[in-house]
Each structure stands twice: as C-alpha cells, then as structure tokens.
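In what follows, a structure is listed as structure tokens, so that the remarks can point back to it.
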Amino acid sequence: MTPLSFFNRLARLTITSGKQFAHDPLTLVGTLIVALFIFLAIFGPAIAPYDFAERAGPPRQAPTWAYPFGTDNLGRDVFSRVIWGTREIMGLSGLGTGISVAIGLCVGLVIGYFGGLLDEIISRAFDSLLGIPALVLALVLLGTLGPSNFSIIAVIVIIYVPIITRVIRSATLNVRDSGYIEAAKLRGESILYILFREILPSVLPALAVEAALRFSYAIFLTASLGFLGLGVQPPSPDWGRMIGESRNFMRLLPWMMAFPAAAIALLVIGINLFADGLRKILRYEGQDV
Amino acid sequence: MSDIQPVIAAHNLSVDYRLNKVWLNAVRDITLHINPLQIHGLVGESGSGKSTLALALMNYLAANGRISSGEVLLEGDDLTQKSVNEMRQIWGSKISLVPQDALSSLNPSYTIGNQIAEVFQHHAKTRINTRQLVIDMLRRVGIADPEVVAQRYPHQLSGGMQQRVTIAMALITQPRLLVLDEPTTALDVTTQAVILDLFRDLIRDHNAAGLYVSHDLGVVAQLCDDVTVMYAGEIMESASVETLFKRPTHPYTAGLLASLPKPTQDTETRLPTMPGVQPSLADRPAGCVFAPRCPIALQLCADQKPALEIMRDGHTIRCHRWREIDAGEISPLHDIDEKITSERPPDIDYIMTAEGMHKYFDENTLWDRITRRKDRYVHAVDDADLRIRARSTLGLVGESGSGKTTLARIIVGLETADSGKMHLLEKSLANHLSARSRDLLRELQMVFQNPNDTLNPYHTVGQALARTIRRLSDKPISKQQVQERVIDLLKSVRLSADYADRYPEELSGGEKQRVAIARAFAANPALVVADEPTSALDVSVQAVILNLLKDLRAQEGASYLLISHDLAAVAYLADWIAVMYLGQIVEVGDTEDVYDAPSHPYTEALVSAIPEPDPTLKRKQIRLDGDIPSARNIPPGCRFHTRCPRYLGDICKTKAPPWRDAGDGHLIRCHIEIDELIRLQSAEEAGTV
Amino acid sequence: MARFILRRLLLLLVTLFVTSMIVFALTQLLPGDVARLILGREAGEQALINLRAELGLNDPIPVQYIKWLSGFIVGDWGVAFGPGRPEILPLVAERLGNSLRLAFFALALSIPLGILLGLAAGLKPGGIIDGIVSIFSLSVVGLPEFVTGLVLINIFAIQLDILPASASTTEANLIEWIRRLLLPAITATLVLLGYIARMTRAGVIDEMRKPYVRMATLKGLPRRTIIFKHVLRNALLPTITIIAISFGWLIGGIVIIESVFSYNGIGRLIIDAVGRKDIPLLQAVVMVVVVFYALASLVADLLYAALNPRIRLE
C-alpha cells in the first residue's frame, strides 16, 4: 500500500465532509468563525490599525469609526489589541493543544494496544494527575515555572496529555481485537505498522473531535490565567488580562470589557460548533472525559 | 375456510418508513391469520421485513413508521384504529412479546420478580402481593429455584434463564397471542432445544396462539404449525409446515430450502445457491420483488407484481408461474453446478498436530494478588489434542464456553498457549506468534467470524489483498505481479476486478467474507482456520460461502480447521469432526461416525438438539439439563458428568474417563465402553423413531 | 458491596498518595530560597542557616516528603509565610468552609434544575425545551466564568444596585448571607446547569433507545411509569459521575469566581499562596482540594454502585 492511498481516502473524506459542512448551517457558521480567527491570527498585525502598546488616541474614547472598539484608559486602541491578542491566544492554545495531541496520541495508542502493567501504571499516574483540578494544577505550575509563554504551553500540555491519552486509549481498545488487526498480526506486521497504519485511521475521528474541544478549553484556560494576572505578561495584549484590567472601569468604559469578552465567546462557540459538526460527520459518539 | 375466529388476522396490511424525508414501503399487502392454539412461523432473511410485520401486528411501530393501509384484527377488533393509550390496555395483557435479546430487554436495575409482577399488577389493576404468582410462573417456565431467581437481577442469569424469564413475563397475564421475535437466536443449540419444547407446551397450556419470527428454517419446521415466507417486505408463500417443507412451490422458498447444508451430502456436492442479494428498502423492484434473483423469471415478472393467490385451502403464494411449478412442468430451482472434483483428494498424513495444549486466562486482579486469593483462572483450553490431515477439513464443534475458539486462536498464534507442542508441516510451530518464521506464517491463515470488522474500513479491498500478498510472498514480487494476483484472488472468490477499488463499507456482509477468504488464500496456505465464517450471514449467502470454501480447498489443496456451533454446516464441509467440551476434546472421528452411534453422550445430545428443516423427522429427544459449567470451576472426574444423560455413578465424578477406540480413528472419551454405547444408543433410536 | 467499598477506599488512598507526591514535587520546584523568602532581604547568614535547619530544608528530599506527608496527615501543617505568619490549619479550615458553602449553594441550585431540564430535553429531542437547553449550554460554553460574573455584577450590582458586588462576609444574618452569595452562586450555576442538563439529556436519549424501554411499552405500562421508574433511574447513572466531575470543575471555577467577587475562599488562598511563593500553605491548600475532589468521586462511585446492581452484586 502506498502512502498515497491513505491520503486519497483522506481527500475523499474531506470532500464529502466539505459538502456535509456546507449543508449544516450551524457547522458552517462554526467553520467560518474559526477560519476568521485563524486569518486574524496570521494576518492580524497587518490589519490592525495600531500597535498593541501604542497610545493611539485620546483615552476613554467610546467606539467610533476611527476606534471601532473604543480606546482604553491609557488611550490604546481596543480593536487593535483584540486583533493582536488573537495571535497570542490562538498561538499559545494551539501550540499547547498540538503538542498534547501528539504526545497523547502516541501514549494512548501504545498503552491501549499493549495493555498490561505499563497501561496500569501510566493510567493510574495520569488519573492521579487528573485528581488535581485543572486550574489549580495550572496555578501551581505557573507558580513553579513563573509566568511566561513557555509556562502556559507547559501547563496546557501537562493538563491535556492525560485526557487525550485516555480518549485515544479507549478508541484503540475499541478496535484492538478486530479481525483486521489480527489479520495484520498473522501476516507478521510490525508494531509500528499496526499502530499507525491499521489503528490510527480508526482513532482519527475521536482525535479530531477531542483536539477541537481541547483547543477551546485551552483558550478558556489561557484567558482565565490572563484574567488572574498569571498568564501572558504585559504589555502583550491578552484577552483575559484585558478583561481583568477593565474591571475598575466597568461602569464608565464597558467597551473595554465587552469586546475582548465577545471575542472569547465567539471563538469558543465557533470551535464548539465546528467540533459538533465534526462529530456528526465523522459519526463519532464521543464520551466526555 | 373454517368458522373458528382467528386470534389475529391481518388484511392487506402495509407499513411504511420515513427515511431521508421519503416514505418507503417496508411491508406490503400482508394477509395472514393465526387460529387459537396454532403457532405460526414467519420466516425470512435479514431485511425481509419480518420483524417490522410482527411489531405491526401488535400495532407497534418505530417513530418513523406508519401503517399505510389494511387492518389488523385481534379477535375481530381492529387494532389499527386504536390510539397508543388504548393499545397500552392490550399490550402485555392480550398480546405479549418475547424479545430477541432477553438481557437488553430486561431493565438492569430491577429484580426479575419486580419486572414480572409489574405487568400483572398493571393489567389486573391490583397492588396485591403477586409474589406467589410470580414464583409459580417462574416454575412453569422450568426454573428450578424460582424463589431465588425472583430476587436476582438480569445480569446474574445465564442467557437461557434470561429467555425463560421473558417468557414468564409474557405469559403471566394469560395473553391471547404471543409474538416471539427470534427468541432463541442468541442461544446454544442445546439450550434452544429446551426452550423450544417449553414454547410448544406453554402456548398449548395457556390456550394462546403464537407468532414465531425466525430466520432459522429448522426451528420453524420443528415448532410451527403453519409458516409464512417473507422476502423484501412481501409474503412469498404461506402454508402448513408439512406442505411447505415437503413441496415448496415458490422459487424463493424452494431455493432457500435447497441452500441449507445437509449432513448427508458428501463432500463433493455443491449447494444450490441464489445469485444476488435481497434488495434494500429504497431499491425494491417494481414487479415481482424476487424476479431479479429468480431462475424462472419472465418479462411479465419484471413488469407486473403478482397477486397473493390461494393455491388450495391454507396454501397461498405470490408467483406468476405457480401453476406450471405445481403441475411439475418447470423446476423452481437453479441448475446445480457439476460436482466438485478435487485434483488432490484428502491425505492420511497429518499436516498439523497439537498435543497437550493448555491455556489459562488469569483473571486475578492486582487485589487478588495482594490478598493471595489467586484462584480466578479460566481454564479455556485444558489438555486438548488436535490433528489435522492434509487437504482435509476438521470441524471443531461445541457450545459457547467450550474453548473451541481459544484452541483455534492458539493454533494460529493469536493466543499464546501456556503449554503444549504444535507442529505444522512437520516443523515445530512456536506458541508465540512472534517466534514463528515468515515461512510458517504463510502456511497458516485465518478467516474471522464478524464480517464487519474483518477488513480495515480505511483500506480498499485491493490494498488489503496487495499488502498480504507482498508481506507473505516468499520471493521479491513486482507491482505488476501483485496486481495480477489481486485480480486472480478476487476471481477465485467470484468477485469482479473492480472490487479492488472498493472500501469495505461498500460491500455486503457476504462479499466482505469473500474478500476475507481471498486474503487468507493470498499466499497458498497449507491450513486455513475459519472461526464461524458463516454465522453472521443469511442462509442464502451462507451457501455461497460454503461452496466457495469447498471449491478453494479442491483447487488449492489447503486444509481447514472449521469452528462452528452449526453442526449442519460443519457436517457439510468437514471430513473429520472433533467435539469439545470445557476445554477438552471428548470425541473425534470422521463425520459420519461422529453423527451415528456410538458417540459421546455429549455429542449425542448436540446432534439431537439440531432442529432439522423437516417437520416429519422427529429425532430422539435428548435434552441437557442446565448450562455448561463455568470454565473457572471445572467439575472433577468426567467434566460432563454434571449434565450427562448417561451418567453411570461415582466413577464419572471422581475419575477422568479413558479414550475408547471405536475403530478408524474414531475416539470417544467416556467411562462407558464402546459396545455398551452402541447398545444404549441404537436401542433408543429404534424405540423412538 | 463491602468488598467493593474496601477496594474503592484502597484505590483512593493509592491515588491520593501518588497525587501527594506530584504536589510535593511540583511545589519543591518553586524557585528561590525559602528561608530568604521568609526572613526577607536583610536577614543575616546565621539566621538563614538556623531557619533552614528548623524547617528541615537540609534533609534529603524523600525525608522532607515523608516529614511533610506525616505532618499533613496528623494535622501539623505548620505556619504560612504571609503577614503575621498565621497557623495554616485554622486558616485553611476557615477558607474551606467559605468555599464549601458557596459550592453547595451552587450545586443545590444546579443539580435539580439541570436534571429536570435534561430530562425534558431528552424526552423530546428537537422540541422547544431541547432547543432552549442547547442554545443555553452553547452560550454558557462560550463565556468564561469571569465574564459571566462581571456581567452579572454590572447588571445587578452596578446598574440595578440590588445585590452586593462583593461577596465577602464578615458577620451576616441568613438573608444577608444569601444576598451576598447569590451572584457568585448563580455564576457557578450557569455553567454547571448547562453541563448537567446536557449530560442528563444524553443519558435519557441513550436509555430511551434501549430494548428494555420498548419491552416496557409492549408490556402496556403507562408512559410515566416507563419514564420515572424505568428510564430515569438508569439515565441518572452517568449523570452522577458527571456531577462528581463538575465538583472538580467547581473547585477550579471557584478560584475565578472568588477572585471576581472578592470572596475569601480557598481559591483566593491558592492565588495568594502562589503569588507569595508560600510553599507550606500552597502544599496544604492543594492537598485539601485534592482530598475533597477525591472524596467527591468516591461518593459518586458508591452512589453509582448502590444504584447499579451490575456493580453492587459483582
């Protein structure tokens, strides 16, 4: 079998999925929202009228055509800061989720396929790690590592690897005893072939849906840490931090809070709609972990 | 027609389903009736609409279903005019259902007693203590300790017991009609035989009538008075069992009956088959639904739907050409292919031997190990020997839990034996799969039970075959050669070359199994292990697969180890049979010898439990008490002594029985001597038949 | 059942043991010299050495761990670094009490309401209530607790001025107490409600498809018997697990909510401890949180087993 054939299949799936996406309005909306934010994350700095730290105009300016989201107490343009912040939050959450997916996938495949003592030990250890509520664990880790972009990614990875591992492990267990896996064993296939060519395609739906959901939680987590003042450090524009800083101006400058909050809500809802659509199209009945 | 009022009667009943916003006809123009005390069989392959019809007769439809025309009269009262709330007065009191899957049809969170009592209390509108009533009912369905069972939860009972409970639940309100939806399909033959006896007696005792839905022609022949054959949502033929099984007239009925494997057929006979598959709901033909597969279809059949006609009293048929068939002018069957001639007949040399195989499954948890209660071992295979002759088929039979599948998996290496020695082609065969050389892997392949997971859904048929060919090839092989071999293999399983580009989801169950067989033969193996290769398939598809297995053996000269619970299929295909019970082989011999006296008492019971598709044939009735004991807790002495109808005495309890030689390689592991077995078994045969 | 409880307890202890090692390891990694952190920049060398010896900082790590763990178990939690160097145990106990009050308030609101909504939605998928539940849970999913909390403060405390913005209680009668806790509890409830309702809905839909429901219908039982006797009991089983998991979320979510409403609970204590690099305090608080989370899942497991004969009678 050529690697091409696998990609053919994937391409075929993408085309039919594309059609299905277009037929489901909610999924389409979700996809467009996610696409918009990805676009902003990549090209945002070119679009944003001002720099994030720059004093763009008079402070405390309500939204106008010149400052669509208004300016904050220091006269910085909220619109530009929200756009700059897209890159920050999508980058950190995306990278963290991506690394967690890669590690979780490999560990999950291996312990799901082999089972036994290794599975027992790793599962128990991960369960114990999950015994610490995620945000508490994040706080302790940030306290340990000190606030930095690296710390935020590390926090996301440490929290998510056990969860993704668990999902992949159970998806692997579902197909581990299938006839086609046993047929592969009987023709003497290597472990790597069985894991990555026979099992991997079957766990991809679970992985895709889980990755999308994890991504949205990662955005939440990053924003929450920012809100608590422990995430991205100033002057970097972080949506959570922007909301936190707006608290004292809530009555007078409501736009300082409203727009970053709306950005978070829009992005997270978009990802969730996208994930729901993915779940429907891939016919994956996931369980919540 | 008689003057008796039927318990249930349907007239021109049609049922539609709404699928993708379109109403599709699922069941069309059904007319049938069931008289009191009668059991009516409703037979059809999957997709024939038999379950839909059975539920429609209860005026119960899926959320997307509707009765589009016709009426259903329960003792003269039209059910189709009733609302759901009115039906609730009738369901469970006048009509009861015995479901297919007893365990999932019982609520896991309530006791058996509670669930039986609630039907009675609801319909009798009483809160009285029904405990005694429930216990009596449980006793009547043959449960030995009803007081205990009433306190149990569903998951604590065996499959046979669960099915008895659903029968008790159905009968406690003394219903007029019992709808039995494949109630024995999930059970072992031995248990099935006992449950069928029970139905017969209980329906008569309760003055009720029964509708028995089944795909199993044998069960229907043995149990029912009348039978209706369905195909693609329509009645094809309906008659008394004697008429239908003796003189099937409709080409579908005739084809179905002919495609059943019969143990008396020799190994060179091919089974008659019907080409094609049953059409799905969306693409049923406009004319006669069976026309595309019918050997005697005319242009008329494709154009015009035949009406349901009365041939003679009690025998109806839907066929344009029944008069010609009835008069014997034409045959409703496809011509049977010529016999299979094997270039290389079976050999007496063994190609594969397994001696003293053991496999224990360690169910001890970490907790058991800590507390040193390491007693949870499942003795799945416990000192089993097996020998397979070259170019022959060995059938391995036994109830579920006998260890037959584990033994097969040990041989191919998917389970690692704890001890024992195996040889293949006179070379030592390692227990560990990873220790086996490429050369040995090539010689030993397997066909799996479930067609739906036998092929990777993400690889095309061509990819799956090509990969196997390349992996198992003994010399470097060019792309061109691989492709040619793929086409050859597809041809050998009667699939066209364009199947190579298809994904498994585009294949029917029978086609998937054919690809799986092609994959097993990719590298000309010496031995193919087939684990229940046809048990998930319909009768007419099974015949195709069985023929194919026979043809391939003749062409390729491979041997088979065939594992099956279906003795008829095994007997049809196998030259030799080994019978397994609780991890041990108890009898081995050539097929005919095993079928006839003398045989091990367990084999005798197994054979007697097969429901023969011939209502006139009444075999001797040997029924086994209870279920197969747990392999965690194997009885001492002869393992079969707890259920043995020919139990001798203490010797069976204490001493393992010896192998007794009945000649020609026919061996029986029993305390009773061969001559004595012959005397006992043939005496009974003469007495009862 | 007794065996099951015993096993489950043992498992709990093992998990807690492993978690305690994780917590200890993580907090040990905190950079900086603890002694200097306590005594400040001007402290003399001798004072630092003395304090290190007093705190056992010169012992090997495993010894420190065992001392810490045994101290934690017997209730000897030491003193915090913060102003006045307060005793940790009474401090944590007081804050824990505050947080638990808030948590139970939120659970008391969200569990019954969530189950009811989920049941109504699950019985008629695609119906009006189902639509409301999905839109509601989707919008809640998109809003972090700090946004919801701030919006609520903005509406009820600033614009309408009928409820206090700060939830911190010093002395209060019951009505005042409820008034103060109402906004934070509603914030937590909003998130929990969507979650519980969604899970109950899924459970109900799942159970309604099972053959035993069809069987119950064909036994002629009335719909309410089928729903309340047969379906609900089984559908609630997964919901129980979900509630236990939400409890874990609640503890995390409470960190944010307490911060938004300036409420003196355990969440703010964690933030303070992290901010001051107060290792003994952080270790103690996190361990307390972990123990409570573990107890919640233990209770859920036992409840699950009690309601599910397949596990109870294993």
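Observations on the structure shown:
- Size estimate for the range A:57-205 follows the Kirkwood approach: the inverse of mean 1/r over distinct Cα pairs works out to 18.5 Å.
- Label zone at A:PHE196, where the point sits 7 Å out along the Cα-to-Cβ direction: the range B:459-474 residues whose backbone N lies under 18 Å: B:459
- Interface B:C - total buried accessible surface [probe 1.4 Å, Å², rounded to 100]: 2800
- Cα centroid separation - the range B:621-688 against the range B:27-80, whole Å: 45
- Base-10 log of normalised Debye intensity for the range A:152-218 (one unit scatterer per alpha-carbon) at q = 0.18, 0.22, 0.23, 0.28 Å⁻¹: -0.71, -0.90, -0.94, -1.18
- Modelled FRET efficiency - R0 45 Å, B:SER280 with B:GLN483, Cβ distances, 0.05 increments: 0.90
- Looking at the protein assembly as shown, the accessible area is 41 square angstrom per residue; that uses a 1.4 Å probe and ignores ligands, DNA and RNA.
- Accessible area buried between chains A and C, both sides summed, probe 1.4 Å, in Å² to nearest 100: 3500
- Rough spin-label spacing in nm, given labels placed 7 Å along Cα→Cβ, for B:GLU324 and C:LEU295: 8.6
- Remark: C-alpha extents of the range B:583-686 on the principal axes read 41, 31, 22 Å, sorted largest to smallest.
- The interface between chain A and chain B buries about 2400 Å² of solvent-accessible area in total (1.4 Å probe, ligands and nucleic acids excluded).
- Backbone phi angles across the range C:7-12, fed through the Karplus curve with coefficients 6.51, -1.76 and 1.60 (θ = phi - 60°), yield HN-Hα couplings of 4, 5, 5, 4, 4, 4 Hz in residue order; Gly and Pro are listed as x.
- DSSP-loop GluC sites (Glu not before Pro) across the range B:65-121, with at most 13 other Cβ within 10 angstrom: B:GLU75
- Longest site-free stretch - chain C; sites: trypsin sites (Lys or Arg not before Pro), DSSP loop, at most 12 other Cβ within 10 Å: C:42-208
- Amide N proximity, the range B:545-568 versus B:ASP664 label position 7 Å along Cα-to-Cβ, cut-off under 14 Å: none
- A Förster radius of 51 Å, combined with the Cβ-Cβ distance separating B:ARG387 from C:LEU307, puts the computed FRET efficiency at roughly 0.45.
- Radius of gyration over Kirkwood radius for the protein assembly as shown, both on Cα atoms: the Rg/Rh ratio is 1.01.
- A:GLN233 long-range amide H proximity, modeled H, under 5 Å: none
- Between A:THR64 and C:GLU176, the simple label model (points 7 Å from Cα in the Cβ direction) yields a spacing of 4.7 nm.
- With a cut-off of 20 Å on the backbone N, the residues of the range A:149-169 near the modelled label site 7 Å out from C:ALA25 along Cα-Cβ are A:151-166.
- Inter-chain neighbour count for C:279-290: the average number of beta-carbon atoms from partner chains within 10 Å of each residue's beta-carbon is 2.
- Candidates C:ALA47, C:ALA106, C:ALA273: whichever shows maximal mean-square fluctuation once chain C is modelled as a Gaussian network with Cα springs under 10 Å: C:ALA47
- For the range A:38-288: relative contact order, % (alpha-carbon pairs under 8 angstrom, 6 or more apart): 22
- Chain C shape via C-alpha gyration tensor axes, a/c threshold 1.5: oblate
- For chain A, the mean residue ellipticity at 222 nm estimated from helices alone is -25000 deg cm²/dmol, where every DSSP H run of n ≥ 4 contributes -39500 (n - 2.57) and the total is divided by all residues, rounded to the nearest 500.
- The GluC sites (Glu not before Pro) of the range B:193-293 that DSSP puts in a loop, and whose beta carbon has at most 14 other beta carbons within 10 Å, are B:GLU268.
- Cα-projected label distance for B:ALA435 with B:GLN89, points at 7 Å along beta-carbon direction, nm: 7.4
- For chain B, the mean residue ellipticity at 222 nm estimated from helices alone is -9000 deg cm²/dmol, where every DSSP H run of n ≥ 4 contributes -39500 (n - 2.57) and the total is divided by all residues, rounded to the nearest 500.
- With a Förster radius of 30 Å applied to the beta-carbon distance between B:ASP362 and B:HIS155, the computed FRET efficiency rounds to 0.85.
- What a 1.4 Å probe finds exposed on the protein assembly as shown is 58% carbon and sulfur by accessible area, rounded to a whole percent.
- In loop segments of the range B:571-652 as defined by DSSP, the trypsin sites (Lys or Arg not before Pro) with at most 11 further C-beta atoms inside 10 Å of their C-beta are B:LYS618.
- Highest-fluctuation residue, C:GLY194, C:GLY122, C:GLY97 considered, GNM on chain C with Cα pairs under 10 Å: C:GLY97
- Orientation-averaged projected area, Cα convex hull of the range A:209-260 (nm²): 3.9
- Student exercise, the protein assembly as shown dipole from Lys, Arg, Asp, Glu Cβ charges, in Debye to nearest 20: 3300
- For chain B: rounded, prolate or oblate by the Cα gyration tensor [a/c cutoff 1.5]: oblate
- Gain upon complete extension [B:LYS491, B:TYR647; 0.36 nm per residue less C-alpha separation]: 50.9 nm
- For the segment A:188-198, counting C-beta atoms of other chains within 10 Å of every residue's C-beta and taking the mean gives 2.
- Residues whose placed amide H lies under 5 Å from that of B:ILE585, excluding near-sequence neighbours: B:ASP385
The values are calculated or read from the model by the stated rules, or taken from the named source; none is laboratory data. Because the structure is predicted, anything quoted here is derived from the model rather than measured. Positions of Cβ are backbone-derived with ideal geometry, glycine not excepted, and every protein chain shown enters the neighbour counts. Calculation scope for accessible area: heavy atoms of the full protein, side chains included, ligands and nucleic acids excluded. Shrake-Rupley method; radii C 1.70, N 1.55, O 1.52, S 1.80 Å.
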